[in-house]
Structures are given as structure tokens and as C-alpha cells.
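K.L.:
Just dropping this structure here.
The values are calculated or read from the model by the stated rules, or taken from the named source; none is laboratory data. None of these values were measured; they are calculated from a predicted model. Using ideal geometry, Cβ is built from the backbone for each residue, glycine included, and neighbour counts are taken over all protein chains shown.
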Amino acid sequence: MVHGQGLRLDKWLWFARLTKSRSDAQRLCESRHLRLDGRVIDRPSALVRAGSVVSFPSRDDVVVVRVLGLAERRGPFAEACQLYADLTRNRDTSGSLTGALVPV
């Protein structure tokens, strides 16, 4: 993991396997549907740092994750899972918690 100033948000989303491609991450950032620490983001070059909270819509839910680390490359699933903590609370109709966030 990189321990520095920050990393471009689009790269972090792709490295963390929260988007399928970097161009998908760029489109998500430019859509103004993504928030970084509560601020609406409209550019993929926004810097993300450890401790930041990222939220964005995904299908019929809102994904909320806390950034735990920054990476130098897009690694395997196990490595990507260490980059964030899932804060999303998914509830089905019975009120019980459903499955965990699975990176793409």
C-alpha cells in the first residue's frame, strides 16, 4: 500500500475493484453522483486519502466505504478488500442484513 498524500479517486475506485474499468470510474466521478467526505465530486482527479468516506449509487442501493489504504496497482480480490471498509447497511424486506459488498 502507498502511504502518501493521496491518489486520484478514479484510480482508487478501480484499484479497489469497486468499478469494472477505470473509464467506468471516471464516468462515475463525472456523473456528480459520487460523494467524497460528503462533498459532491465532479472530476476524476479528486484526491482520496486514507480515512476518507466514499459513497455512490449502485443499482438500487447506495454503497458507502471508508478508505483504509491506497494501492500502487490493481491487485487480486484479497488485496483489493484491504483497501476499504464497507459501511453499507443492506436490508432486505425482513429487516435482516444481507450479503457483503463484493468488488467487481
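For (1) in contact with a helix residue (DSSP H, G or I) (Cβ under 6 Å, 6 or more places away or on another chain); (2) modelled with pLDDT of 95 or more, each residue gets a yes or a no:
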| position | (1), (2) |
| --- | --- |
| R27 | no, yes |
| L34 | yes, yes |
| G38 | no, no |
| V54 | no, yes |
| D60 | no, no |
| G75 | no, no |
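K.L.:
Which of the residues belonging to the range 46-92 are outside any loop (DSSP other than H, G, I, E, B) and among the hydroxyl-bearing types (S, T, Y)?
P.N.:
Once the filter is applied, which keeps residues that are outside any loop (DSSP other than H, G, I, E, B) and among the hydroxyl-bearing types (S, T, Y), the range 46-92 yields S55, S58, Y84.
K.L.:
What tally of residues in the range 35-45 results from selecting those that are assigned to a strand (DSSP E or B) and either of a type in the set (D, E) or within 21 Å of D86 (Cβ to Cβ) (or both)?
P.N.:
Final tally of qualifying residues: 4.
K.L.:
Is there a residue in the range 39-46 that is touching a strand residue (DSSP E or B) at 6+ places or on another chain (Cβ under 8 Å), of a type outside the set (A, V, I, L, M, F, W, C), surrounded by fewer than 18 Cβ atoms within 10 Å (Cβ to Cβ) and without any contact (Cβ under 8 Å) to a residue 40 or more places away in the chain? Walk me through how you get there before you give the answer.
P.N.:
Within the range 39-46, the subset touching a strand residue (DSSP E or B) at 6+ places or on another chain (Cβ under 8 Å) is 40-41, 44-46.
Within this subset, residues satisfying the condition of being of a type outside the set (A, V, I, L, M, F, W, C) are 44-45.
After this cut, where a residue has to be surrounded by fewer than 18 Cβ atoms within 10 Å (Cβ to Cβ) as well, the list is 45.
This time we only want the ones that are without any contact (Cβ under 8 Å) to a residue 40 or more places away in the chain, so: 45.
So far as the range 39-46 goes, yes, one or more of its residues are touching a strand residue (DSSP E or B) at 6+ places or on another chain (Cβ under 8 Å), of a type outside the set (A, V, I, L, M, F, W, C), surrounded by fewer than 18 Cβ atoms within 10 Å (Cβ to Cβ) and without any contact (Cβ under 8 Å) to a residue 40 or more places away in the chain.
K.L.:
So which residues in the range 25-48 are at negative phi, more than 12 Å from the chain's Cα centre (by Cα) and among the charged types (D, E, K, R)?
P.N.:
Scanning the range 25-48 gives R27, E30, R39, D42, R43.
K.L.:
Have a look at V2, V65 and point out the one that is surrounded by 12 or more Cβ atoms within 10 Å (Cβ to Cβ) and at pLDDT 95 or above.
P.N.:
One residue alone meets the criteria, V65.
K.L.:
So which residues in the range 69-85 are small (G, A, S), under 19 Å from S52 (Cα atoms) and exposed (fewer than 15 other Cβ atoms within 10 Å of the Cβ), if there are any at all? Step through it out loud before you land on a result.
P.N.:
First, the residues of the range 69-85 that are small (G, A, S): 69, 71, 75, 78, 80, 85.
Applying the additional criterion that residues be under 19 Å from S52 (Cα atoms) yields 69, 71, 80, 85.
Matches in the range 69-85: A85 only.
K.L.:
Condition check: among the charged types (D, E, K, R) and over 11 Å from the mean Cα position of the chain (by Cα). Does D86 satisfy that?
P.N.:
no
K.L.:
A16 fails exactly one of the following numbered conditions: (1) surrounded by 12 or more Cβ atoms within 10 Å (Cβ to Cβ); (2) closer than 14 Å to D86 by Cα; (3) in contact with a strand residue (DSSP E or B) (Cβ under 8 Å, 6 or more places away or on another chain); (4) without any contact (Cβ under 8 Å) to a residue 60 or more places away in the chain. What is the number of that condition?
P.N.:
Only one criterion in (1) surrounded by 12 or more Cβ atoms within 10 Å (Cβ to Cβ); (2) closer than 14 Å to D86 by Cα; (3) in contact with a strand residue (DSSP E or B) (Cβ under 8 Å, 6 or more places away or on another chain); (4) without any contact (Cβ under 8 Å) to a residue 60 or more places away in the chain is unmet by A16, namely (4).
K.L.:
Follow-up. Of the residues R17, R27, R32, only one is in a helix (DSSP H, G or I) and among the basic types (K, R); which?
P.N.:
After ruling out the rest, the residue left standing is R27.
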